[in-house]
Amino acid sequence: MTQFSLNALDQSAIVTNASPAQAVAETVALAEHLDTLGYSRFWLAEHHNTSSFAGAAPEILISHIAARTKNLSIGSGGIMLPHYSPLKVAEQFRMLAALAPGRIDLGLGRAPGGDMRTAAALQPGPKAWPPEVFPQQLEMLLQFLEDANGLSGQAGGFPDDHPYQGLHAQPMGDEQVPVWMLGSGGDGAIHAAQHGLPYVYAHFINPDNLDSALSAYRTHFKPSRQNQTPRVALAASVLVAETQEEADYFARPRNIWASQLMQNKAGRFPTLDEAQDWPVTPQDAPLLAQLEARSLTGTPDKVMTQLTAMVEAHKIDEIFALTLIPDLEARKRSYEWLAKAAGLQGQTSAPESLTAAQ
């Protein structure tokens, strides 16, 4: 059994031969499958105005998936708080916690999840909140959540003289909504540290800033009501198959798509067949090599060895595996192989092989 919690992150990737609605349906099917394998958390990303991902409203998808699963904690990876009212986010996640007590996570981000024009369109007024407002939004959200637990004044929630004292995020109650801070640079780490929140580092976005981000987080961490000590999770690009050849085959669409993203040309994800026939340009080649090097792709033993080494080197408490394969059955099998290698409860036998020929 691993010494870290194993979780999954999903983005509802849209494939060229499928619809956005199918991408969402596959996310739901994947969550139902992982619910039987022993994974701890299943988180959903937020993206806007993109042809690549269909996950634009994680709070709605969380509710649906929580109703169809029994064991997983379902959460946001994350809610992009600059777009929203802290009170409304508190109300949404208080409602989710009332519907699925003990199984709701609130992961927060400060990135726009889309371009600046889209960020402006998401606002109720004529202009998006500037980045410097984020700390105040975060503090207010935490105060609303504490207030909903019945805290007030010195104990938490709003100070006695705060203008929002007596304004409650319903439904109130004892259910806790754990709050996590996401990031791929230094700002998220500092916000997490200052508010005593657990920190999730997006290694799949920026693998190069991990050391400095974790150092900043641990150095500046202040104990809070939620956490007395730092807690770190790592979200990584992970793909597992029975053989290295099979893993490389399944990883190629992901790498092709990411190489296009790095050139501002990303669209839908290519199918497995399209990816194998993709005409690699001189611009693509070095990017593909870079992507292959930073992703954890291979046999169960190889990937688990890599994950364990990262956990030990960086003192990681939880791993979020993001597996992008434009084939639902292959994606399920990847998570099955990973669960078996990690010794998760619920995984009883090796998954059937799904070869390239199939």
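State yes or no: is LEU239 modelled with pLDDT of 95 or more and either buried (at least 24 other Cβ atoms within 10 Å of the Cβ) or β-branched (Val, Ile, Thr) (or both)? Talk me through it step by step, then tell me what you get.
Details: modelled with pLDDT of 95 or more: yes; either buried (at least 24 other Cβ atoms within 10 Å of the Cβ) or β-branched (Val, Ile, Thr) (or both): yes.
Yes, satisfied.
When segment 180-197 is filtered for residues that are outside any helix (DSSP H, G or I), surrounded by fewer than 24 Cβ atoms within 10 Å (Cβ to Cβ) and not hydroxyl-bearing (Ser, Thr, Tyr), the ones remaining, listed by number, are GLY185, HIS195, GLY196. Counting only residues that are of a type outside the set (Phe, Trp, Tyr), buried (at least 16 other Cβ atoms within 10 Å of the Cβ) and part of a helix (DSSP H, G or I), segment 253-271 holds 7 of them.
Summed over segment 257-290, residues that are touching a residue at least 24 places away in the same chain (Cβ under 8 Å) and β-branched (Val, Ile, Thr) total 1. If you go through segment 1-54 and keep only what is more than 15 Å from ALA339 (Cβ to Cβ), polar (S, T, N, Q) and either without any contact (Cβ under 8 Å) to a residue 12 or more places away in the chain or not in a loop (DSSP other than H, G, I, E, B) (or both), you end up with SER19, GLN22, THR27.
Residue pairs whose Cβ atoms lie under 9 Å apart, sitting 6 or more positions apart in sequence or on different chains, and linking a residue in segment 58-72 that is part of a helix (DSSP H, G or I) to a partner that is surrounded by 15 or more Cβ atoms within 10 Å (Cβ to Cβ) and among the basic types (Lys, Arg), are ALA66/ARG103.
Kindly indicate which of LEU261, LEU322, LEU287 is under 18 Å from the mean Cα position of the chain (by Cα) and not basic (Lys, Arg).
Details: LEU261 fails: under 18 Å from the mean Cα position of the chain (by Cα); LEU287 fails: under 18 Å from the mean Cα position of the chain (by Cα).
Result of the check over LEU261, LEU322, LEU287: LEU322.
Scanning segment 297-339 for residues that are touching a Lys or Arg at 6+ places or on another chain (Cβ under 9 Å) and of a type in the set (Lys, Arg) yields a single hit, LYS315. A Cβ distance below 6 Å, combined with a sequence gap of six or more or placement on separate chains, defines the contacts here; from segment 220-239, residues that are over 16 Å from ALA193 (Cβ atoms) reach residues that are assigned to a loop (DSSP other than H, G, I, E, B) and of a type in the set (S, T, N, Q) in the pairs SER237/SER295; VAL238/THR323; LEU239/THR323. Scanning segment 5-19 for residues that are more than 16 Å from ARG254 (Cβ to Cβ) and crowded, with 16+ Cβ neighbours inside 10 Å gives SER5, LEU6, ASN7. Only one entry in ASP174, ASP208 is farther than 27 Å from SER334 by Cα and surrounded by fewer than 13 Cβ atoms within 10 Å (Cβ to Cβ), namely ASP174. Of the residues making up segment 232-277, those that are among the basic types (Lys, Arg) and over 23 Å from PHE320 (Cβ atoms) are LYS265, ARG268. Kindly indicate the residue of segment 54-68 that is out of contact with any Ser or Thr (no Cβ under 9 Å at 6 or more places or on another chain) and not hydrophobic (A, V, I, L, M, F, W, C) and also nearest to ALA100 (Cα to Cα) among those meeting that condition. Per the criteria, the residue is SER63.
Of the residues that make up segment 82-93, is at least one aliphatic (A, V, I, L, M) and free of Cβ contacts under 8 Å to residues at least 40 places away in the same chain? Looking through segment 82-93, none of the residues is aliphatic (A, V, I, L, M) and free of Cβ contacts under 8 Å to residues at least 40 places away in the same chain. Does segment 207-217 contain at least one residue that is without any contact (Cβ under 8 Å) to a residue 12 or more places away in the chain and either in a helix (DSSP H, G or I) or among the aliphatic types (A, V, I, L, M) (or both)? Yes.
At pLDDT 95 or above and outside any helix (DSSP H, G or I): is that true of GLU274 in this structure?
Numbers: at pLDDT 95 or above: yes; outside any helix (DSSP H, G or I): no.
No, not satisfied.
Restricting LEU72, LEU99 to those that are farther than 30 Å from MET262 by Cβ, surrounded by fewer than 19 Cβ atoms within 10 Å (Cβ to Cβ) and either in contact with a Leu (Cβ under 7 Å, 6 or more places away or on another chain) or at pLDDT 95 or above (or both) reduces the list to LEU99. Evaluating GLN347 against the criteria (1) within 15 Å of TYR39 (Cα to Cα); (2) at pLDDT 95 or above; (3) not in a helix (DSSP H, G or I) leaves one unmet condition, (2). Exactly one residue among GLU329, GLU292 is at pLDDT 95 or above, surrounded by fewer than 22 Cβ atoms within 10 Å (Cβ to Cβ) and part of a helix (DSSP H, G or I), and that residue is GLU329.
The values are calculated or read from the model by the stated rules, or taken from the named source; none is laboratory data. A quick note: this is a predicted structure, and the numbers were derived from the prediction, not measured. Every residue, glycine among them, receives a Cβ derived from its backbone with ideal geometry; neighbour counts consider all protein chains shown.
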